[in-house]
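The values are calculated or read from the model by the stated rules, or taken from the named source; none is laboratory data. Just so it is clear, the model here is predicted, and its values are computed rather than measured. Counting neighbours? That spans all protein chains shown, and the Cβs are built from the backbone with ideal geometry, glycine included.
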Amino acid sequence: MNLKAYLRSRQKEIDRALDRYLPKVNTKPATLHKAMRYSLFAGGKRLRPILCLAAAEACRGKIANALPLACALECIHTYSLVHDDLPSMDNDDFRRGRPTCHKVFGDGIAVLAGDALLTIAFEIVSTAKPTPRYAMSILLGEIAVAAGSQRLIAGQVADLEAEGKNVSRHQLRYIHENKTAAMLTSSVRLGAMTANADAKELRAITNFGRGLGLAFQVIDDILDVTQTSEILGKSAGKDIAAKKATYPAVIGLNKSRAEARRLTRNAHDALSIFGNGEAEALHALANYLLEREY
Ligand code: GRG
């Protein structure tokens, strides 16, 4: 498949849908809506929504039915980046190739833009079409748990508390599984749910998401030490500067690369139940994430 064209077309589709879901810039309070849109349309890769749509496709679902979940995932992801960049957290000036939300709108509006992006995600989910196996309560529960105090936020807490400390490989895995892999796993699970996946398909998609989600963060850690800020669109080398718990810091660069390859192989293997090219896009996305440069 032509992955470049596939990614471009999916990104456009997701951007159009996000534009429909978000209040316009001049809607009162205009500063808030401007700030939400500034961060949401800053040029993110749209990985979580694209994975959600690809999982729906693998389970023979309709893209239109997965789009609300895909957009909700991107809103939550963007909120987490806006808050992560705040001076009280990672204190970053640069994200998605431009100044961070708080640098442009101030800390107060950036906090509120993050809050509003998180909240609107649930409003968007409420417009989704449930399927016979997955009621609205299941869809809402899935995304709330992934973004909640025992997953995304738990990972962020553990990450903050690990700064400057020697962490074990076990603790590092806990951080990555929660801070990064949980949302990526839920992205593919939600896509599968909108396609009314059966238990076997959902299990396969979940295992794919876990492998890919962990591999994604190992690669992110590697890129932080091997790439420039210009290519990443965010400040490179921050992990070392902030004494962050990362794979290269704990097991070294070569072993980290081998671990990313091993986890990606596991992700591919999990898809073996799908036939007739159904999971072609998921396979291609896993390879792309392993080879990516930013
Ligand atoms: C504030 C609750 C809260 C959580 C923050 C997202 C996050 C957790 C921290 C940001 C730093 C970091 C390394 C997060 C891990 C996830 C990750 C690699 C995010 C970047 O995702 P990409 O590469 O970004 O998909 P784009 O900009 O392309 O969407």
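For residue 210, the conditions (1) modelled with pLDDT under 95; (2) of a type in the set (D, E, K, R); (3) buried (at least 19 other Cβ atoms within 10 Å of the Cβ) are fulfilled apart from (1). Against the conditions (1) of a type in the set (Val, Ile, Thr); (2) surrounded by fewer than 18 Cβ atoms within 10 Å (Cβ to Cβ); (3) within 12 Å of the ligand (Cβ to nearest atom), residue 180 satisfies every one except (2).
Candidates in segment 214-237 are the residues that are within 14 Å of the ligand (Cβ to nearest atom) and either on the phi > 0 side of the Ramachandran plot or of a type in the set (Asp, Glu) (or both); of these, the one that is farthest from the chain's Cα centre (by Cα) is 237. Examine segment 51-72 for a residue that is assigned to a loop (DSSP other than H, G, I, E, B) and within 16 Å of the ligand (Cβ to nearest atom), and state whether such a residue exists. There is no residue in segment 51-72 that is assigned to a loop (DSSP other than H, G, I, E, B) and within 16 Å of the ligand (Cβ to nearest atom). Based on this model, can you work out whether residue 5 counts as small (Gly, Ala, Ser) and under 20 Å from residue 285 (Cβ atoms)? Yes; evaluated as a whole, the condition is true for this residue. Suppose the filter is surrounded by 24 or more Cβ atoms within 10 Å (Cβ to Cβ), free of Cβ contacts under 8 Å to residues at least 60 places away in the same chain and either part of a loop (DSSP other than H, G, I, E, B) or under 20 Å from the mean Cα position of the chain (by Cα) (or both); does residue 75 pass it? Yes. Yes or no: residue 46 at positive phi and buried (at least 20 other Cβ atoms within 10 Å of the Cβ)? Yes: the conditions hold for residue 46. The residue of segment 238-259 that is modelled with the lowest pLDDT, among those that are within 13 Å of the ligand (Cβ to nearest atom) and assigned to a loop (DSSP other than H, G, I, E, B), is 242. Close Cβ contacts (under 9 Å, 6 or more residues apart or on different chains) running from residues in segment 249-271 that are among the aliphatic types (A, V, I, L, M) to residues that are modelled with pLDDT under 95 and loosely packed, with under 14 Cβ neighbours inside 10 Å comprise 249/240; 249/243; 250/166; 250/168; 250/169; 251/169.
Per-residue answers, yes or no, for (1) outside any loop (DSSP other than H, G, I, E, B); (2) of a type outside the set (D, E, K, R):
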{"site": "115", "(1), (2)": "yes, no"}
{"site": "118", "(1), (2)": "yes, yes"}
{"site": "122", "(1), (2)": "yes, yes"}
{"site": "140", "(1), (2)": "yes, yes"}
{"site": "150", "(1), (2)": "no, yes"}
{"site": "175", "(1), (2)": "yes, yes"}
{"site": "192", "(1), (2)": "yes, yes"}
